[in-house]
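Notes to accompany the following structure.
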There are 6 protein chains.
Amino acid sequence: MENKEIWLESLITKTPQEGRELAIKMSRKSIAAIQTDPEIRKSLRKDYASDTAQLIASANVIAIEFQTIAQANNYWK
Amino acid sequence: MENKEIWLESLITKTPQEGRELAIKMSRKSIAAIQTDPEIRKSLRKDYASDTAQLIASANVIAIEFQTIAQANNYWK
Amino acid sequence: MENKEIWLESLITKTPQEGRELAIKMSRKSIAAIQTDPEIRKSLRKDYASDTAQLIASANVIAIEFQTIAQANNYWK
Amino acid sequence: MENKEIWLESLITKTPQEGRELAIKMSRKSIAAIQTDPEIRKSLRKDYASDTAQLIASANVIAIEFQTIAQANNYWK
Amino acid sequence: MENKEIWLESLITKTPQEGRELAIKMSRKSIAAIQTDPEIRKSLRKDYASDTAQLIASANVIAIEFQTIAQANNYWK
Amino acid sequence: MENKEIWLESLITKTPQEGRELAIKMSRKSIAAIQTDPEIRKSLRKDYASDTAQLIASANVIAIEFQTIAQANNYWK
C-alpha cells in the first residue's frame, strides 16, 4: 500500500442516512480509483448526470454498497 | 455532513408494501444525489419512463434496495 | 402513504413456485410505480417481450426479488 | 393461481451441479413468464446465443439464481 | 438429468485463489450451457476479450459466483 | 491448477480501506483472466477510463467484491 489518503476508516455510521452518504462516497471512490485524473472525472460528470441510463446504473452501485453498510451497522436497530 | 433534509430515519417499515415504497424512495434519492438539479431530473424523467430497458434497470435497483429493507425488518415475520 | 391498492401483504408463500410468481409480480409493480400510465405500459410491453437483452435484464430483476422471498420463507424447508 | 404446470417443487438438489441446472431452468422460466409464446422464444434464442453481451448477461442471472439455491442447500456441505 | 460431464462436485476449495478459479469456471459453464457449440464459443471469445464493456460484465458475473463460493468456504477462515 | 502467480492468499485485510483495494484488485484480476494479453489490456484501459458507463459498471463489480470481503472481515468490527 503506497502513501495515500485514508478515506474509509470504518463502515459504521450514526444513522441510516449517513450510511447512504457513505455508499455514495464509496461508489465515487471506485470511479476515482480507475479514472485517476480529477479533471477528466469532472468533465465526465456532465455526461452521466444527464444520462438517465447511467444515473440508474449509479443508483444500482449505491444500492449494493448500502447493503454492505447496512449489514455492518446491523440495520441501525 | 452539511445542513440537509433528513429523509431516511430508519429502515423499519410497518408492512412489506411500505418497504417497497421506501425502496423506490431510496432509488430516487440516489439519482437526486448525482443529478442535483430538480428541473433537469423532471425533464429526464420523461425519457426513462418510456424506455423499457431503463424501467427494467430501475426495477433492478429497487429489488436490491428492497432486499436490504426486508432483511432490516426480518421479512416482517 | 396515500390511499392505494394493497398488493403486498406478506413475503410468505406456500410453495417455491408461488415465490417465483410473487417475484415476477414485484418486478412488474416496480415498473408500474415509475411508469404509472397502464396504456403506455401495455404498449411498451410489446417492445421488451421481443428483445432478448431486455428479457434477460427482466430475469435478473426476478432473480434478485426471488432471493429475498426465498430467504423470507427460509427456502421452504 | 391459475391451473398451470408445477415446475418448481423445491430448491433442494442432490448435488451442486444439479443446483446449476436448476439455476438455468429458473432463468429460462423467468423469460418464458414474460414472453409466453414458445415460437417467439425459439426464434429469439438464435439471437442471444451468438451475442456475447447477452450470453454474459444470462450468466449473471444464473449466478444470482444459483446463489439462492446454494444457500437453500447449505452449500451441499 | 441426462448423461453429462460432472464438472461441479463441490463448492469447497483449498484456497481463496482456487475459489476465484472456480468462479471463472462457473461463469464459463453458464455460457456453454446456453451456447452449446464449442466452435461458435471459440469464435465469440475473440469478440468479448477485446470489448471492455463485456470484460467488465464478465467480471460482474465472476464476483457474484465468488460470493457464493466464499460463503460456502466460510471465507477460508 | 497450473503453475501460476498466487495473488489471493486471504480475504482478510487490516482495514476497510485495504478491503476496498483488494476489491479493486479482484475486479482487475477477473479481467486479466479473460483478456490474458497485458498489452491489449493496457490499450483497452484508455477506452473504459473515459467512458462513464463503463466506469460505473466497474464500480458495480467493485461493490460486489467488497461485499464479500466485508463479510469475510466481519465488517472490521
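Values in this text are rule-based calculations from the coordinates and carry no lab data. It should be emphasised that the depicted structure is a prediction, and the values quoted were computed from it without experimental measurement. Quick reminder, even Gly has a Cβ in these numbers, built from the backbone with ideal geometry, and neighbours come from all protein chains shown.
Some points to look at:
- Of the trypsin sites (Lys or Arg not before Pro) found in the stretch D:1-55, those that fall in a DSSP loop while having at most 10 other beta-carbon atoms within 10 Å are D:4, D:14.
- For the cross-link pairs A:42/B:29; C:14/D:29; D:29/F:46, the ones whose C-alpha atoms lie over 29 Å apart are D:29/F:46.
- Computed from phi, the 3J(HN,Hα) profile of the stretch F:58-69 under the Karplus parametrisation 6.51, -1.76, 1.60 (θ = phi - 60°) reads 5, 5, 5, 5, 4, 4, 5, 4, 5, 4, 5, 5 Hz, with x in place of Gly and Pro.
- Size-normalised alpha-carbon gyration radius of the stretch F:16-76, reference 2.2 N^0.38 Å: 1.22
- Teacher prompt: residue E:9 distances to equivalent labels in other copies, 7 Å Cα→Cβ, nm: 2.9, 2.9, 5.0, 5.0, 5.8
- The distance between label points at residue D:36 and residue C:37 comes to 2.5 nm (points 7 Å beyond Cα on the Cα→Cβ vector).
- For the stretch F:1-42, average projected area of the Cα convex hull in nm²: 3.7
- Rounded to whole Å, the principal axis extents of the Cα atoms in the protein assembly as shown read 65, 56, 37, largest first.
- Estimated inter-spin distance, residue D:7 and residue E:46, nm [label 7 Å along Cα→Cβ]: 3.6
- Computed from backbone phi, the HN-Hα couplings of the stretch C:15-31 come to 9, x, 5, 5, x, 4, 5, 5, 4, 5, 4, 4, 4, 5, 5, 5, 5 Hz, rounded to whole numbers (Karplus: 6.51 cos²θ - 1.76 cosθ + 1.60, θ = phi - 60°; Gly and Pro given as x).
- Shielding by other protein chains, D:33-41, mean Cβ within 10 Å: 4
- Neighbour cut-off at most 15 other Cβ (10 Å), DSSP loop, chymotrypsin sites (Phe, Trp or Tyr not before Pro), chain E: E:7
- Nearest-first distances (nm) between copies at residue E:40, label 7 Å from Cα via Cβ: 2.2, 2.2, 3.7, 3.7, 4.3
- Taking GluC sites (Glu not before Pro) across the stretch E:9-77, the ones in a DSSP loop with at most 13 further Cβ atoms lying within 10 angstrom of their Cβ are E:9.
- Scalar couplings 3J(HN,Hα) for the stretch B:41-56, obtained by applying the Karplus form with A = 6.51, B = -1.76, C = 1.60 to θ = phi - 60°, are 4, 4, 5, 5, 3, 4, 4, 7, 6, 10, 10, 4, 4, 6, 5, 5 Hz; x denotes Gly and Pro.
- Considering only D:50, D:63, B:73, the residue lying farthest towards the positive end of the dipole of the protein assembly as shown is B:73, judged by Cα position with unit charges set on Cβ.
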